[in-house]
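Below is one structure, written out as structure tokens; comments come after it.
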Amino acid sequence: MSASHGKIPILDAMRFVASLTVMLVHYELIMGHFVLYGTASTSALSWFFVLSGFILSYTYPTLQGSAPYKRYYLHRVIRIFPVYWLAVIVSSLFVSIAYLNFGEAFFAEVNRPFVLRYDLPEPLDFSFWTMATFRHLTFTQSLSSIETLNLVFNGPLWSLVLEMYFYLCFPLLLILLREINTKIRVAFAFVGFYLLQFLLIQINLPDAEQYSLLNLNIPVYTNPLIRGIEFILGMLVYKAFVLYPHRDNIEDKQTRWIAVSIAVVGYVASVYLAHNYAPYQYSMYFATVPSVCFLVFALSRMNWHANAGATRVCVLLGGLSYILYCFHWPLMEMLQLFNVLPDSLPFPINLALVVAIVVGVSYFVYRVIETPIRKALYRSFEIPK
């Protein structure tokens, strides 16, 4: 299977659902109203990593010669960097201006529980903001000895740093996984990597009495070695996708719908079990990874190209998903800090308006900024879309 087969639209829509899920969990942190359990957000990030491994393998099943490598890396840079840099600049300016005007009260006003709990340097002067902005712009905030740099401007961006590491390693992983080309090898490799992730989590998991968001965040939740296994599992799901031929007969269609139904129920059940029984919030995503992989596999088997209108909607949602993920945090902070929405609004109306505003701004950025820049860069470097 290669890029010539086109996209799998439902997986684009799945990206949007994952971004929206993360936003709804963060809505409680910033706006103060519960919508979804935190488990939904932690597992949604697994969606991103698994989907990235699958979609890259689907788009680039082989990379041979210098030209394909060059096109691959340029395509990743053009797709990721402009929106990411814009999100960093907007977030940096907003947080810096807000801090200058409100001081420490700013962090409490917008309900920044992460930052308040950490040991930020004192005072938070111009040199700190400059360093933090530079770290974010260069994708190195996760490498800083000041662990709070991950969360000072725009907390969700940490996962994009990991994505860039995975994109960098993808050609090498293609070579390393090349011989995993039979159903039995894929099955053994999947179980092996999943158990390896479990082992790495146990090695890095702090003792219960030492547990906090800070000391668990770096060694477990944002650890590129641990989360990179989810990217590899996504690559293995693609191999399973290729090894199980696609058929359009009625019996096979029924089987695919049954598989999707089981996958959805299994995912919901795994999120519930992880939320109620996993010992630490930031290790619970491990429990949902197999169901995420099965859901990606089941959805990829569906023939979603039959309806042209639905395909266009899915592709649009996929385009919005990245921008929504990058901008939802600072946008909700602005809405909260400047009291854009009256406090008297009922919760459902407030939630609907916040989602509408964030999605609307994301659509504007997608149409007016991201798409023109991306197309211009593609033309400049003569890269196929």
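Rule-based calculations on the coordinates, nothing more; no lab input. All figures in this text were calculated on a predicted structure; none of them were measured in a lab. We place every Cβ from the backbone using ideal geometry, glycine too, and count neighbours over all the protein chains shown.
Cβ-to-Cβ counts within 10 Å put SER362, SER321 in ascending order as SER321, SER362, the fewest first.
Taking other Cβ atoms within 10 Å as a rough exposure proxy, TYR378, TYR244, TYR322 sort from fewest to most as TYR244, TYR378, TYR322. In this calculation the C-beta distance from SER127 to PHE338 is compared with R0 = 41 Å, giving a FRET efficiency of 0.90.
Treating r as the C-beta distance of GLU179 and LEU225 and R0 as 22 Å, the FRET efficiency rounds to 0.50.
Highest average first, the peptides 44-54, 19-29, 182-192 ordered by how many other beta carbon atoms sit within 10 Å of their residues are 44-54, 19-29, 182-192. For the range 313-360, what does the alpha-carbon gyration tensor say about shape, rounded, prolate or oblate, given a ≥ b ≥ c as the root eigenvalues, a/c under 1.5 as rounded, and a/b over b/c as prolate? In terms of gyration-tensor shape, oblate. With neighbours defined as other Cβ atoms within 10 Å of a residue's Cβ, the residues TYR60, TYR73, TYR238 order from fewest to most as TYR73, TYR60, TYR238.
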